[in-house]
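**Q** To start, I am sharing the structure in question, which I have written as structure tokens.
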Amino acid sequence: MNDLDDFRAALRQPPDEPFAEPDLAVIMAGGTRIRRRRRLLTTTAGIAAAAAVVLVFVFAVQLRQPAPAPVAQPPSPVSVTPTTTSGPPAPKPLGEVVGTGIKTTAGEIVLFAQAIDDPQALPGIHFGLTAGFRKADSLQATLVTNEFRGSDRSFGFHATDGGEVLDGQVIPVFGYFAGPVAKITTTVHGKVVPANLAKWTEDPNVFFFWFDPVLVPDSASLTPLIAYDSAGKRLTR
């Protein structure tokens, strides 16, 4: 018999002791303990890392503690000139301030003109339109808009702006129209919305306009503005 025949004969021999039936419960319990131990090790590692961060943070704070200050010496007499501080200058309206009737926590939203004097850069522009807040006797300018070329009183719409949140308040879409306008409208989501109009006291041919921010929430929702005269004739395309 060769070595292969000896190996086959050995395989046919019965075992000295019967094989024991595997205890599945023990195996499962052992596996569970391993899994839990891994979780515990992971948690412990996380705690150790957090402790290390805390220790480093405390150590860094200790390093940043200022050194003991030297004993203060009596200061030498110094003459101090009192200074005064003031806020931004109050805007100077050109003509009367127009109240929109829109009340906010900052005050009523108002419109008013302000003079522009820059003949070199803006030779045909002499005023801009401002949206701001009026509360009691105080007046605050929030958004100023004006033309930058041509004439500020040429026929048509000018300086249309607004429809955004400034200083925590919604500034309505506003602007002015130069010409004999009696009605201004736009269309928002298929609905025609009229604007509010107020004649400028400095020029009866100029009208300030603004939209209710509830009906016109932003300038992106506008369609082209349309102006009409007192007879209902359309003034603009």
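The values are calculated or read from the model by the stated rules, or taken from the named source; none is laboratory data. All of these numbers come straight from a predicted model, not from anything done at the bench. For neighbour counting, all protein chains shown are included, and Cβ atoms are generated from backbone atoms with ideal geometry for every residue, glycine included.
**Q** I need a count of the residues in segment 153-163 that are part of a strand (DSSP E or B) and either at positive phi or surrounded by fewer than 16 Cβ atoms within 10 Å (Cβ to Cβ) (or both). I'd like the intermediate steps shown before the answer.
**A** Restricting attention to segment 153-163, the residues satisfying the condition of being part of a strand (DSSP E or B) are 156-161.
Now drop any that are not either at positive phi or surrounded by fewer than 16 Cβ atoms within 10 Å (Cβ to Cβ) (or both), which leaves 156, 159.
Residues meeting the conditions: 2.
**Q** Just name the residue that is nearest to residue 219 (Cα to Cα) out of those in segment 170-185 that are surrounded by 18 or more Cβ atoms within 10 Å (Cβ to Cβ) and touching a Ser or Thr at 6+ places or on another chain (Cβ under 8 Å).
**A** Filtering segment 170-185 for residues surrounded by 18 or more Cβ atoms within 10 Å (Cβ to Cβ) gives 171-178, 181, 184.
From what is left, the residues that are touching a Ser or Thr at 6+ places or on another chain (Cβ under 8 Å) are 171-175, 178.
Numbers: 171: 11, 172: 9, 173: 6, 174: 9, 175: 12, 178: 20 Å.
Among them, the one singled out is 173.
**Q** Turning to a different aspect of this structure: For segment 109-118, indicate whether the set of residues that are more than 27 Å from residue 233 (Cα to Cα), surrounded by fewer than 21 Cβ atoms within 10 Å (Cβ to Cβ) and among the acidic types (Asp, Glu) is non-empty.
**A** yes
Yes/no matrix, rows are residues, columns are (1) at pLDDT 95 or above; (2) under 27 Å from residue 107 (Cα atoms); (3) out of contact with any helix residue (DSSP H, G or I) (no Cβ under 7 Å at 6 or more places or on another chain):
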residue	(1), (2), (3)
164	no, yes, yes
173	yes, yes, no
205	yes, no, yes
228	yes, no, yes
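**Q** Another one. Return the residues of segment 187-231 that are more than 22 Å from residue 144 (Cα to Cα) and outside any loop (DSSP other than H, G, I, E, B); say none if nothing qualifies.
**A** Listed by number, the residues that qualify are 187, 188, 191, 192, 193, 194, 226, 227, 228.
**Q** Same structure again: Sort out which residues of segment 220-237 are farther than 18 Å from residue 156 by Cα and exposed (fewer than 15 other Cβ atoms within 10 Å of the Cβ), and write them in order of number.
**A** Applying the first criterion (farther than 18 Å from residue 156 by Cα) to segment 220-237 yields 220-221.
Correct list: 220 only.
**Q** A further question follows. Residue by residue through segment 93-139, note down the ones that are closer than 20 Å to residue 177 by Cβ, among the hydroxyl-bearing types (Ser, Thr, Tyr) and either touching an Asp or Glu at 6+ places or on another chain (Cβ under 9 Å) or not in a strand (DSSP E or B) (or both).
**A** 100
**Q** Name every residue in segment 132-152 that is crowded, with 17+ Cβ neighbours inside 10 Å and either charged (D, E, K, R) or more than 22 Å from the chain's Cα centre (by Cα) (or both), in order of residue number.
**A** Selection gives 134, 139, 146, 147, 152.
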